[in-house]
1. Given charges of +1 on the Cβ of Lys and Arg and -1 on the Cβ of Asp and Glu, with all other atoms neutral, how large is the dipole of the chain about its Cα centre, in debye to the nearest 20?
2. Before anything else, pin down the relative contact order of the range 35-94: Cα pairs under 8 Å, at least 6 apart, normalised by residue count, whole percent.
3. So for the chain, Kirkwood radius off the Cα pairs, Stokes-Einstein at 37 °C and 0.692 mPa s: how many µm² s⁻¹?
4. Going by C-beta contacts inside 10 Å, put Met89, Met60 in order with the fewest on the left.
5. What pairs in Lys28/Lys274; Lys81/Lys293; Lys44/Lys84; Lys28/Lys214; Lys214/Lys293 have C-alpha atoms more than 20 Å from each other?
6. Across the range 99-110, in residue order, what do the Karplus-derived ³J(HN,Hα) couplings come to in whole Hz, using 6.51 cos²θ - 1.76 cosθ + 1.60 with θ = phi - 60° and x for Gly and Pro?
7. On a C-alpha basis, how far is the centre of the range 1-71 from the centre of the range 260-305 in Å? Whole number, if you could?
8. Give me the log10 of I(q) over I(0) for the range 40-133 at q = 0.11, 0.24, 0.25 Å⁻¹, as the Debye formula computes it from C-alpha points; what are the numbers?
Amino acid sequence: MTTQLKPDLLAHIGSTPLVEVEEGIYAKLEYLNPSGSIKARIAKYMVERAEESGQLQPGMTIVEASSGNTGNALSMVAAVKGYKMIVVMPAGLSSERIAISRGFGAEVREVGDFHVNGALEEARTLGAQPGYYFPGQFDSEANIEENREVFGPEILADLGVGRLPDAFVMGVGTGGTLIGVGQCLHAANPACWLVGMEPDESCTILCGEVHHHKIEGIADGFVPGIFQRHREEVDELVAVTSLDAITEMYALARRGFFVGPSSGANVVAARRLKARHPEFATIVTVLCDEGEKYLSEYYRIFGNQR
Ligand code: PMP
């Protein structure tokens, strides 16, 4: 019998299951990645590209701004590879994500109260110092590249020969997943409809507004460079309220998918797209991160039920 043992934890990133969460809507279970989110993919990829180019060398410190998941993922990659890690995060997000990065041995600095802007400034400034490497996920070509060269092809392989995606729906944080996966799926099916999603309360791209919302991981307070450079590749932008996202998150948990609010928002947006376009037989979306990161914020409210 062959075993699935791999010497390197990072080799277990990706190859997540694609499941039909409801008729015609297929979701990649990215919350099953090591460190619990979709961001494990780009964390590994950005670090390895920087190692190859010599930008990142042994003894250096990685510093990145993150609303949580990229920070957690880079902290894990840094722990595996022996780099020091500094995560600059806004305060006021779920305390679990701060604790997780610290658990991986990273230093966490809390800057600003909700949006990532302040943290980004601090990380960029520190990252320009000698001895530091700043991946810069919001502008990174490596972010797009991982999604186009690795994540997208995985989705096509999961769908199998002869079945192509009619649409891809994804909340916009850096925009890397939407744009990178979109480029790959579009190459396979030029008619594939690309839908970006934002919180209704803070529809920065759609209406230029920046407010508080409860869909952590997307709408970080500005239009990211990746989205600015590639916005013409996106066919449609939709908004989902935080309430709808969280309601769907709870519904997904009751069906066994223990995930965070952006996963709920993606499913809501995909379902609405399906209602508008019943001819779309195959809509692909993502369950982005695990619910454990939101225990104190959302899941702890439940007592024993039925
Ligand atoms: N959902 C969650 C929970 C995330 O952490 C992120 C990444 N910040 C996203 C969605 C959006 O992914 P991307 O950065 O590729 O747009």
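FYI, it's all coordinate maths here, none of it is from the lab. Nothing here was measured: the structure is a model prediction, and the numbers come from that model. Cβ: placed from backbone, ideal geometry, glycine included. Neighbour counts: every protein chain shown.
1. Working: 26 positive and 40 negative charges, 140 e Å.
The calculation lands at about 680 debye.
2. Details: 69 pairs, mean separation 23.7, N = 60.
After rounding, I find 40 percent.
3. Numbers: Rh = 19.3 Å.
After rounding, the answer is 170 µm²/s.
4. Working: Met89 25, Met60 16.
By the 10 Å Cβ count, ascending: Met60, Met89.
5. Details: Lys28/Lys274 17 Å; Lys81/Lys293 24 Å; Lys44/Lys84 15 Å; Lys28/Lys214 22 Å; Lys214/Lys293 13 Å.
Exceeds cut-off: Lys81/Lys293; Lys28/Lys214.
6. 5, 5, 4, 5, x, 6, x, 7, 8, 10, 10, 9
7. 20 Å
8. The computed values of log10 I(q)/I(0) come out as -0.26, -1.24, -1.32.
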